[in-house]
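Here the structure is laid out as structure tokens; the discussion comes afterwards.
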Amino acid sequence: MLALAGLGVIVVGTDAFADAFRVGTILLGVALITGAVMRRVLPSVGMLAVRSRFTDMVTYGLLGILIVLLALVTQPKPWLDIPFLEDAVHFTVR
């Protein structure tokens, strides 16, 4: 998980190719989702066991999913088109 998050930060920081921001951000989100899965599967987590397992899984999972979705709908040229999202933005920004 740490290596995946580090790779995401390096990809975003170096900006080596056209979609580096999007790919690096997706890697960060996937690292959080991986952390949620690892927290569910692994029996003991050592020093990470400060909060309950459920709290960690929900927090890591939701943040990871939101980060990946935001990376996919980032302008310009989003990789994922969510029609009602554009309508909601136009309705609130008028």
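Answer yes or no: is there a residue in region 7-18 that is in contact (Cβ under 8 Å) with a residue 40 or more places away in the chain and surrounded by 15 or more Cβ atoms within 10 Å (Cβ to Cβ).
Looking for residues that are in contact (Cβ under 8 Å) with a residue 40 or more places away in the chain and surrounded by 15 or more Cβ atoms within 10 Å (Cβ to Cβ), one finds none in region 7-18, hence no.
Do any residues in region 66-94 that are more than 16 Å from A18 (Cβ to Cβ) have Cβ atoms under 7 Å from those of residues that are β-branched (V, I, T) and assigned to a helix (DSSP H, G or I), where the two are at least six apart or on different chains, and which pairs are they?
Note: pairs meeting the criteria are I67/T25; V68/I26; V68/V30.
Just the residues that are open to solvent by less than 90 Å² (accessible area, probe 1.4 Å) and either in contact with a strand residue (DSSP E or B) (Cβ under 9 Å, 6 or more places away or on another chain) or among the charged types (D, E, K, R) (or both), please, taken from region 52-94.
R53, D56, listed by residue number.
If a residue counts only when it is in contact with a helix residue (DSSP H, G or I) (Cβ under 6 Å, 6 or more places away or on another chain), which helices (runs of 4 or more DSSP H) contained entirely in the chain have at least 1 such residues?
2-14, 20-41, 53-72
The values are calculated or read from the model by the stated rules, or taken from the named source; none is laboratory data. For clarity, every value in this text was computed on a predicted model and none was experimentally measured. Here the Cβ is made from the backbone with ideal geometry for all residues, glycine too, and neighbour counts use every protein chain on show. In case anyone asks, the SASA skips ligands and DNA or RNA and just uses the protein heavy atoms, side chains included. Shrake-Rupley method; radii C 1.70, N 1.55, O 1.52, S 1.80 Å.
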